[in-house]
Every structure is written in structure tokens, then in C-alpha cells.
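Colleague: So that we are looking at the same thing, I have put the structure below in C-alpha cells.
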Amino acid sequence: MKLLRLGEKGQEKPAMMDANGQPRDLSAVIPDLAFEALSLESMARLRALDPESLPLLPQECRIGAALADTPNFHCIGLNYARHADETGMPRPTEPVVFTKATSCIGGPDDAITIPEGSVKTDWEVELGVIIGRNVFNITEAEALDTISAYCVINDVSERDHQLERGGQWVKGKSHPGFGPIGPWLVTADEVPDPQNLPLWLSINGEMQQQSSTSDMIFSIAEIIAYLSRHMILRVGDVIATGTPEGVGLGQTPPRFLRPGDEVRLGIEGLGEQHQTFISA
Ligand code: ZN
């Protein structure tokens, strides 16, 4: 089942794709793709609906962020072996945990503003995981059963703010628009092996990142169990599970985004995003 949000910013309606790939309006069934609507129970109820019984939505609508009112946007850094190597940092022995401000979440195809004065805005294609029940201190064996859906995320990052200004990474990760999520959520039942998904990102048609979730250092199950030992994970929380090699910071010389750059990214079975980067 593919779930998405359609409409102008702030006016999005929740929707599901029918068998013909046409969006059907869910707004009479759930208030939005947020909170309890993202629980495992809610997913089971939505799956039982006949999409043909729901009103069609116009397909030419803007696609909004696939989530609304996200409680937490957790992220894992340096989680692909070859990406850790390209940054010159040691491969981590425990998951590197940081957050993005939830206010950075945007639609998958929205233009993204390069922050004023920024010369180090970078890209990171990532597999996103949506938590489907509140959990604390769970085992790896239980972890995958807490996931309600998967999605594509671009963890857009300003490297100067992230790495050269002291303090935590959150400053370089949270500018408005730096967290496109979508085009849709794909429910976990349709992703039998999340550790074997090809993912890629190109700029102006030139491939930059091309890898597989099989290169993760810490598996998705390890990440969820690890986070749950330190905090309650809540229904609707999203976890960005790290990016593979091929970011701008890792290139020789480093390459960063400029106004007019067209970024495309995708994960097999989870859809594609397209962003134009623009000046402030
Ligand atoms: Zn990242």
C-alpha cells in the first residue's frame, strides 16, 4: 500500500494509491498521515479498505511531505561502510545518532533554498523508516515488527554548519526544506527485505550515489533496538538510516550544490524525488 499527501503546502489531503496508480482521497477516513494514523493498527485498517470506494483526487496535485506533524526526526550518521571511509572518519563502533528539526520536512519535489552565504550544501539519499508503535528497550528480534512503512529521504546537509562551527550536527541538517520525505510511504508488508534495496542520487543527470542498503554498518533492526535503549520511539517517528558513499564532501575536490542544480534520487520500490536547488 502506498500512502501519500496531495495538495498545496499546508492544505494537503491524505491519500492512497489504487491498483491503477491513481490517488484516492483518505480525508474522510483519517485526519492526516500523522500520529495514530501511522500506527500498525491503522495501517491494517487502511489495508482492509477498497480503494475504489474512495473519491479520486486529481493526479496533477503537488505531492506534499509524506508525513505530517512528525514527533521526531532521528538520523544515523556514517552508517554505510564506504561512506564512513570517504569522509575520512573512522567506521563507528556504535550508531552515530543525531536529529533534524522536524520543521525542515518538505515535499519530495519542492524546490530547496540554499541557505544564505552557504557554499557547502550537500546531498544524502537515505532509506527512511516510520515507527508504528510506541516502544522502549526492545530487542533486535522485535525491531522490524515496529515498522509501519518505508520511504525515500534526502538528508540535505550544510557541511560548514554541520562540521566546522562547533556543537552538534543539528545546525547543518535543519534548514527549511532540508528534509524532503516521499513521494509516498510504502507499508512494511511490501518491503520484504529492507536490507537489500538499491538506492541512488544524481545531479544534473550525472550519477553521484549508487549503492545498496546491504552496505549498512548497523542494520535497521540494530538501529531501532539501539535507539529504543536510549529513548521511547513514538508512533510516527521517522528514522533516516544513513547515506551511502558519493556525497559532495567525499569527492576530490569536494563538490557542493549550486543554484540551478537538479537533484534526483530514489530507492527501488519506494519511488523517486526531484529537487531544484535555488538561491536564498
Ligand atoms: Zn544522513
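Colleague: How many residues does segment 34-67 contain that are surrounded by fewer than 21 Cβ atoms within 10 Å (Cβ to Cβ), out of contact with any Lys or Arg (no Cβ under 7 Å at 6 or more places or on another chain) and farther than 19 Å from Ala19 by Cα?
Modeller: 6
Colleague: Also, I was wondering about something else. Pick from segment 236-265 the residues that are over 24 Å from Ile217 (Cβ atoms) and of a type in the set (Gly, Ala, Ser): which of them is farthest from the ligand (Cβ to nearest atom)?
Modeller: Step by step, filter segment 236-265, then rank; the result is Gly260.
Colleague: I'd like to verify a number: residues in segment 205-233 that are in contact with a Lys or Arg (Cβ under 9 Å, 6 or more places away or on another chain) and either among the polar types (S, T, N, Q) or not in a helix (DSSP H, G or I) (or both), how many? Don't jump to the end; show me each part of the working.
Modeller: First pass over segment 205-233, keeping only residues in contact with a Lys or Arg (Cβ under 9 Å, 6 or more places away or on another chain): 205, 208, 211, 215, 217, 233.
Checking the rest, the ones that are also either among the polar types (S, T, N, Q) or not in a helix (DSSP H, G or I) (or both) come to 205, 208, 211, 217, 233.
The total comes to 5.
Colleague: OK, next. Could you list, in sequence order, the residues of segment 1-18 that are outside any strand (DSSP E or B) and buried (at least 17 other Cβ atoms within 10 Å of the Cβ)? Before you say what the answer is, go through the steps one by one.
Modeller: At the first step, the residues of segment 1-18 found to be outside any strand (DSSP E or B) are 1, 7-12, 18.
Hits for segment 1-18 are Met1, Gly7, Glu12.
Colleague: Does Ala280 satisfy being over 14 Å from the mean Cα position of the chain (by Cα) and either at pLDDT below 95 or among the aromatic types (Phe, Trp, Tyr) (or both)?
Modeller: Details: over 14 Å from the mean Cα position of the chain (by Cα): yes; either at pLDDT below 95 or among the aromatic types (Phe, Trp, Tyr) (or both): yes.
In short, yes.
Colleague: Considering only strands (runs of 3 or more DSSP E) fully contained in segment 65-175, which possess at least 2 residues that are over 27 Å from Pro253 (Cβ atoms) and β-branched (Val, Ile, Thr)?
Modeller: Here the list reads 96-99, 125-131, 147-154.
Colleague: Can you confirm whether Ile153 is under 25 Å from Glu60 (Cα atoms) and in contact with an Asp or Glu (Cβ under 6 Å, 6 or more places away or on another chain)?
Modeller: Spelling it out, Ile153 is indeed under 25 Å from Glu60 (Cα atoms) and in contact with an Asp or Glu (Cβ under 6 Å, 6 or more places away or on another chain).
The values are calculated or read from the model by the stated rules, or taken from the named source; none is laboratory data. Since this is a predicted model, take the numbers as computed values, not measurements. Cβ atoms come from the backbone with ideal geometry, glycine included; neighbour counts cover every protein chain shown.
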